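Derivation of every value follows stated rules applied to the coordinates shown; laboratory data play no part. All of these numbers come straight from a predicted model, not from anything done at the bench. Note that each Cβ is placed from the backbone with ideal geometry, even for glycine, and that neighbours are counted across all protein chains shown.
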Amino acid sequence: ARLGSGTADATTFLRGDQTYAGGGLSEADTWRVTTGFDVSTGQASITANWERDDTDASGLLGTGMSESSGVFTFPSTGFWLVVGEIQFNNANGDNQAKYLGVGIEVTTDNGSYSEATNSYTSSGYDTTSTRSYARTSKILDVTDTANIKVKMMYLVEQDYAVSGSSTRNNTYLQFIKLGDT
């Protein structure tokens, strides 16, 4: 007798509904901003200077994400965890920001984006503080890789700087496929 539909191999198992499914994680990828830049009051997408993490035993599992002008395209459908973190730098030491934030923007029609999640920190009111961090995350059900895409945005109360590096993940996005949709 034949068990289930599909093909069994070293990476699949037979589920209770008699179909074969993959076991474990199949995709994990990290992208970072390579060059720091000054930001003005307000919010905007980070559209330039992205690279895949390629230092210090970095890992890419699966196909990985595609990126073009700060827009990230998923390689496959499924439930995805997207984590974003921005390191802010008060390089000149005279700014006191009430809020510094990171957001994840999502489109479901490959055109109009909405701010799906954000998180804020502050530099307090201490002009000697040089670094602040904001981190956010979102689980997405990616049912259509042509239309569901993400971008990272910064949100700042006054002029500051976003930190970048080609050797460390100061400002970055992580993508982990949690399972099939």
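What aspartates and glutamates does residue 138 reach when the alpha-carbon gap must be under 13 Å and sequence neighbours fewer than 8 apart in one chain are set aside?
85, 105, 115
As an exercise, use a Förster radius of 35 Å and the Cβ-Cβ distance of residue 61 and residue 115 to find the FRET efficiency, rounded to the nearest 0.05.
0.80
Pull out the extension gain between residue 143 and residue 41, defined as 0.36 nm times the separation in residues minus the alpha carbon to alpha carbon distance; nm, one decimal.
Here the segment from residue 143 to residue 41 would lengthen by 33.2 nm.
Please sort 79-90, 26-37, 64-75, 110-121 by packing, taking for each peptide the average over its residues of neighbouring beta carbons within 10 angstrom, highest first.
79-90, 26-37, 64-75, 110-121
Can you list the residues, at least 5 places off or on another chain, whose amide H is less than 5 Å from the amide H of residue 26, using H built in the peptide plane?
HN-HN under 5 Å from residue 26: 177.
Efficiency by 1/(1 + (r/R0)^6): what FRET value for residue 54 and residue 178, r their Cβ-Cβ distance, R0 = 22 Å, to the nearest 0.05?
Computed FRET efficiency for residue 54 and residue 178: 0.35.
Using only the Cα atoms of region 27-87, what are the Rg and Dmax in Å?
Here Rg and the maximum Cα pair distance are 12.9, 38 Å.
Considering the convex hull of the alpha carbon atoms of region 14-59, report its projected area averaged over all viewing directions, in nm², one decimal.
For the Cα atoms of region 14-59, the hull's average projected area reads 6.5 nm².
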